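Participant: My questions will all concern the structure given below.
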Amino acid sequence: MSKKDFAFGRDNFVLIAVSVMIITIGFALMSGGGIPEDGVSFNPEIFSKQRIVVAPVITMLGFGLMVFGILRNSQEKKAEK
């Protein structure tokens, strides 16, 4: 296949891969804090700053980087024109 067949350049794929890793880290930070041993009591850890503030911000940054990676014009494409 020639390079003309691809919609994205190498730098676009790198940005997309990095954004997927950042999104995965954000979702991993949101997880955890399961049900306590007795299965009935309330676990206040679900309202920690990490789960309420930090993880969603990191995830949204990952999604923003994903959009940027998709919309960015590749330098390789500019050179071919």
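Participant: In segment 18-75, what residues are in contact with a Gly (Cβ under 7 Å, 6 or more places away or on another chain) and free of Cβ contacts under 8 Å to residues at least 12 places away in the same chain?
Facilitator: Correct list: ASN43 only.
Participant: Need pairs with beta-carbon distance below 7 Å; first residue at pLDDT below 90 and within segment 5-17, second among the basic types (Lys, Arg) and assigned to a loop (DSSP other than H, G, I, E, B); sequence gap 6+ or separate chains.
Facilitator: Cβ pairs passing all conditions: none.
Participant: Here's a check for you: in segment 9-28, which residue that is more than 13 Å from GLY62 (Cα to Cα) and crowded, with 17+ Cβ neighbours inside 10 Å is farthest from the chain's Cα centre (by Cα)?
Facilitator: Across segment 9-28, the extreme among qualifying residues is GLY9.
Participant: So which residues in segment 19-36 are under 12 Å from VAL67 (Cα atoms) and β-branched (Val, Ile, Thr), if there are any at all? Step through it out loud before you land on a result.
Facilitator: So the first thing to find is which residues in segment 19-36 are under 12 Å from VAL67 (Cα atoms), and the list is 19-20.
Passing the criteria: only VAL20.
The values are calculated or read from the model by the stated rules, or taken from the named source; none is laboratory data. Here the structure is a predicted model, which is why all the values come from computation and not from measurement. For neighbour counting, all protein chains shown are included, and Cβ atoms are generated from backbone atoms with ideal geometry for every residue, glycine included.
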